[in-house]
1. Would you check if there is a residue in segment 191-205 being part of a helix (DSSP H, G or I), out of contact with any Asp or Glu (no Cβ under 8 Å at 6 or more places or on another chain), under 19 Å from A138 (Cα atoms) and hydrophobic (A, V, I, L, M, F, W, C)?
2. List the helices (runs of 4 or more DSSP H) that sit entirely inside segment 92-145 and contain at least 1 residues that are among the hydroxyl-bearing types (S, T, Y) and in the same structural domain as T209 (by TED's automatic domain parsing).
3. Give the residues of segment 119-135 that are touching a residue at least 24 places away in the same chain (Cβ under 8 Å) and surrounded by fewer than 22 Cβ atoms within 10 Å (Cβ to Cβ), sorted by residue number.
4. With segment 1-78 as the region, which helices (runs of 4 or more DSSP H) entirely inside it contain at least 1 residues that are closer than 30 Å to A173 by Cβ, hydrophobic (A, V, I, L, M, F, W, C) and without any contact (Cβ under 8 Å) to a residue 40 or more places away in the chain?
5. Give me the residue from segment 136-183 that is surrounded by fewer than 23 Cβ atoms within 10 Å (Cβ to Cβ) and β-branched (V, I, T) and, out of that set, nearest to the chain's Cα centre (by Cα).
6. So for segment 57-72 (the condition being hydroxyl-bearing (S, T, Y) and either assigned by TED's automatic domain parsing to the domain that holds G260 or closer than 30 Å to R212 by Cα (or both)), does at least one residue qualify?
7. I'm told A200 meets every condition in (1) of a type outside the set (D, E, K, R); (2) touching a Phe, Trp or Tyr at 6+ places or on another chain (Cβ under 6 Å); (3) modelled with pLDDT of 95 or more except one. Can you identify the failing condition by its number?
8. Just give me the residues in segment 215-233 being buried (at least 20 other Cβ atoms within 10 Å of the Cβ) and in a loop (DSSP other than H, G, I, E, B), in sequence order.
Amino acid sequence: MPPRIEIPSLPVAQIQAMSLISNVAPSFDELSTVVEADPALTAALLRAANSAASSPGAPVRTSRVAMVRIGVSETRRLVMSIALASSFGAIARAHIDETELWRHLIATGLLADAAAWGEVRHSEAFTAGLLHDIGRLAMAAQDPERYAKVVDLARRGIPASNAERMIFGMNHAEWGESIGRAWGFPADIVDAIGEHHSGAQRGISWAVTRARELTASLGIGDGLLPPEPFDPQGEVAMLPIIEELGGGEAIIERIEWYSGAFRAA
């Protein structure tokens, strides 16, 4: 029996920011309170607001003005993304391509949001996409030496979920579901985390599953294995969901906008 790892405690500095997972429509003042309590969030928000992608005029110097420029919905996404990243620290010691994994998570969130329909709220779909690999993040952060063995096995052709079972006794979807329940995430988001490799055909779980497929088709890896290159003239590029977001290149630019904010945090 492989040695167990413990469900991580949510870092004190991130508790307030991660509470936005359950608050899908925070007010401007609620969100401002979260941002202003953390200098790293303020710095990230200012960088995002002053980037070329935000079409800045005069430089933005305060978090509240940055929120006005970016918008409450986009600010909420940035805050959750940065809180998640800072909750697990560096995972490069686990031999994961950290940059590519975060690109994968952001892209899955964006595409899950675009895929959401019916009773699925877009804000929840983004959140589920962003969080779907939280189990992998926790495994890699808590026991990077053992997770490095998972990465090595995956790169030798063994499916990552199988390799995780061999090394940890569970896969990252199961572990992520346990973390989500322990941290009090909404039930449908917890389900999406646990089902993102199961080919789910309903609700948020379906949106995340579909988004993962599209993310790989856009030439974005999962931090373990490199994807196939994206063909801007290929079939995927012509899908309505991709065209609605401005095309593959526009999606990549949006991912880089988020990544730029990460670097400021």
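1. Yes, there is a match, as at least one residue in segment 191-205 is part of a helix (DSSP H, G or I), out of contact with any Asp or Glu (no Cβ under 8 Å at 6 or more places or on another chain), under 19 Å from A138 (Cα atoms) and hydrophobic (A, V, I, L, M, F, W, C).
2. Filter on segment 92-145 gives 98-115, 122-131.
3. E119, V120, R121, S123
4. Where helices (runs of 4 or more DSSP H) fall fully within segment 1-78 and carry at least 1 residues being closer than 30 Å to A173 by Cβ, hydrophobic (A, V, I, L, M, F, W, C) and without any contact (Cβ under 8 Å) to a residue 40 or more places away in the chain, they are 12-18.
5. I179
6. Checking segment 57-72: not a single residue is hydroxyl-bearing (S, T, Y) and either assigned by TED's automatic domain parsing to the domain that holds G260 or closer than 30 Å to R212 by Cα (or both).
7. (3)
8. L218, I220, D222, G223, L224
The values are calculated or read from the model by the stated rules, or taken from the named source; none is laboratory data. Predicted model only: the values in this text are computed from it and were never measured. When we count neighbours, we look across all protein chains shown, and the Cβ atoms used for this are built from the backbone with ideal geometry, even at glycine.
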